[in-house]
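The values are calculated or read from the model by the stated rules, or taken from the named source; none is laboratory data. These numbers come from a predicted model, not from an experiment. Counting neighbours? That spans all protein chains shown, and the Cβs are built from the backbone with ideal geometry, glycine included.
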Amino acid sequence: MSTAALDPWMAARMGLAAPLTRAAIDAWGLARLNQTIAHARAASPFYRARRDFPDSPLARIEELARLPFTTAADLLADDPPLLALSQSAVARVVTLETSGTSGPPKRLHFTPDDLESTVDFFDHGMALFTRPGDRAAIAFPGRHPGGVAAGLAIALRRLGAVPVAAPSPLDPVALAGWLRETRPDVVAGPPVPLLAAARVAANDGGAPIRARAVLLSSDHVADSLARGLEATWGAEVFRHWGMTETGYGGAVDCAFHCGCHLREDELLVEIVDPDTDAPAPAGAVGEVVVSTLRRRGAPLLRYRTGDLARLIEAPCPCGSALRRLVGFAGRVGAGALLPNGDTLTLLRLDEALFALEAVSDFAAVLDRGAPATLTLSIAAPAPVRVAATLAAVRARLAEDPIVGAALRAGALRVEAAFADAVGLSSPAKRRLTIREATPCAQRC
Ligand SMILES: [Zn+2]
């Protein structure tokens, strides 16, 4: 299938003529946005109660920037409720994990049409690199009907592939053994557990695992991690961006690997400066803000995803007119400010450490202070070469412009040790844990 194959399908979903043009997509998006605003204002108690909404439809898409944001805290509070339909019209209620807070979890509601739209996107997105007859390994955790793994399996069957779900996707040893037996043509899963499984299998003396293509989703993807999978499995790596709030699907890489093509028949994306809340300059990194264009159950207007990326408007070399998200830079506010003024992020540590074949996963804790202390817990496949790997970790960190400069300036020190595991990932997104300096118990 041609890599611009998303466009004819999306044109059909939008009721537009192929080939798609930016002007046609934007005009369609504005009309759908106004419909979504009208639906949300009429049917969602949350949006009905909000102020600062215009009484008349938006005349230009830029006017969207005048509307208030919807935040994760709004979803968490759900007061007034976001649900814009009766409970009986809802096919699935998704409970979202909250990071370290007590209290009620975030909930999102999807109708059968909302879920079908996601499956349709998965179908056409996976078709960019999946062929009829392919065995497709699904390594996303969770088996709920209407969830990611279930939707992906339906989509893969539609395009004639054979989906197979990993029984223990977060256990690298079990996943490696299962992949070796399954012999998939394509693999879809979260990045670090797949890398860990690849590195376990590459070191355990068994038959090598090969795959033609890998789709990585549900967390940021360091370039070094993608290169590691490409080298170990001989696979072409495709990235996908999305989250439950985007209806799981969001944007998918094409064979030119110049960014993830947005699902513009469902999502209108803005990039805003997270510090000023103003629209970011064209092409600049900022927070990805989404408005849904079709969703009936729980429409979202200007939802702050917390993800940092850039938006490219120019046509892709593949011929697609769809906007692309590129330069994923982790989460807003997830970095740690070092005493020398630089910011340390988990993505930066990923780039440095996953370049080492001896590292299968790691956890990082930064204790603020002068100097700050970075404690790394390194997971490695057997056989573990402790001294050599720790030396390589330190060398890679010293080569990184930010980490190396902080080390040389005495603003950071690193403590690294081995974890008693080959994988540390949980279903939650990985993050850099930041601990404030403990105040001195005595006045000093
Ligand atoms: Zn493309």
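Quick notes on this structure:
- Count of region 282-337 residues which are in a strand (DSSP E or B), more than 16 Å from the ligand (Cβ to nearest atom) and β-branched (Val, Ile, Thr): 5
- Residue count for region 219-247 satisfying the condition of being farther than 20 Å from Leu432 by Cα, surrounded by fewer than 19 Cβ atoms within 10 Å (Cβ to Cβ) and modelled with pLDDT of 95 or more: 5.
- Qualifying residue in region 201-215 (condition: crowded, with 23+ Cβ neighbours inside 10 Å, part of a helix (DSSP H, G or I), out of contact with any strand residue (DSSP E or B) (no Cβ under 8 Å at 6 or more places or on another chain) and of a type outside the set (A, V, I, L, M)): no
- Residue match in region 322-331 (condition: over 16 Å from Ile271 (Cβ atoms) and not hydroxyl-bearing (Ser, Thr, Tyr)): no
Conditions (1) under 23 Å from Arg199 (Cα atoms); (2) touching a residue at least 40 places away in the same chain (Cβ under 8 Å); (3) part of a loop (DSSP other than H, G, I, E, B); (4) among the polar types (S, T, N, Q), marked per residue:
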residue: Ala137; (1), (2), (3), (4): yes, yes, no, no
residue: Gly146; (1), (2), (3), (4): no, yes, yes, no
residue: Leu152; (1), (2), (3), (4): no, no, no, no
residue: Leu156; (1), (2), (3), (4): no, no, no, no
residue: Val164; (1), (2), (3), (4): yes, no, no, no
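- Annotation: of all residues in region 381-403 being assigned to a loop (DSSP other than H, G, I, E, B) and in contact (Cβ under 8 Å) with a residue 60 or more places away in the chain, the one that is surrounded by the fewest Cβ atoms within 10 Å (Cβ to Cβ) is Pro383.
- Sole residue being more than 25 Å from Arg13 (Cα to Cα) and acidic (Asp, Glu), chosen from Asp123, Asp134: Asp134
- Phe238 of a type in the set (Phe, Trp, Tyr) and either away from the ligand (no atom under 12 Å from the Cβ) or in a loop (DSSP other than H, G, I, E, B) (or both): no
- Exactly one residue out of Arg131, Arg157, Arg183 is charged (D, E, K, R), modelled with pLDDT of 95 or more and closer than 30 Å to Ala379 by Cβ: that is Arg183.
- You will find that of Ala49, Ala11, Ala73, the residue that is of a type outside the set (S, T, N, Q) and more than 21 Å from Leu301 (Cβ to Cβ) is Ala11 and no other.
- Residues of region 169-185 that turn out to be in contact with a Gly (Cβ under 9 Å, 6 or more places away or on another chain) and closer than 17 Å to Pro141 by Cα, as a count: 8
- Region 241-257, subset assigned to a strand (DSSP E or B) and closer than 19 Å to Arg302 by Cβ, residue nearest to the ligand (Cβ to nearest atom): Ala251
- Residue-level check: of (1) surrounded by fewer than 23 Cβ atoms within 10 Å (Cβ to Cβ); (2) touching a residue at least 12 places away in the same chain (Cβ under 8 Å); (3) in a helix (DSSP H, G or I), Val192 misses just (1).
- Identity of the residue in region 357-378, more than 15 Å from Val403 (Cβ to Cβ) and of a type in the set (Ser, Thr, Tyr), that ends up surrounded by the fewest Cβ atoms within 10 Å (Cβ to Cβ): Ser377
- Across region 72-96, the number of residues qualifying as in a strand (DSSP E or B) and of a type in the set (S, T, N, Q) comes to 1.
- Number of residues in region 258-279 that are assigned to a loop (DSSP other than H, G, I, E, B) and either within 16 Å of the ligand (Cβ to nearest atom) or farther than 14 Å from Leu64 by Cβ (or both) equals 10.
- Checking Asp273 against (1) surrounded by fewer than 19 Cβ atoms within 10 Å (Cβ to Cβ); (2) within 30 Å of Ala91 (Cβ to Cβ), the condition it does not meet: (2)
- Flag: Ala59 matches the condition of being surrounded by fewer than 17 Cβ atoms within 10 Å (Cβ to Cβ) and either among the acidic types (Asp, Glu) or more than 30 Å from Phe256 (Cα to Cα) (or both).
- Just one of the numbered conditions (1) part of a loop (DSSP other than H, G, I, E, B); (2) of a type in the set (A, V, I, L, M); (3) under 16 Å from Glu357 (Cβ atoms) is not true of Leu170: (3).
- Selection over region 394-418 of residues that are within 20 Å of Val365 (Cβ to Cβ) and under 26 Å from the mean Cα position of the chain (by Cα) gives a count of 5.
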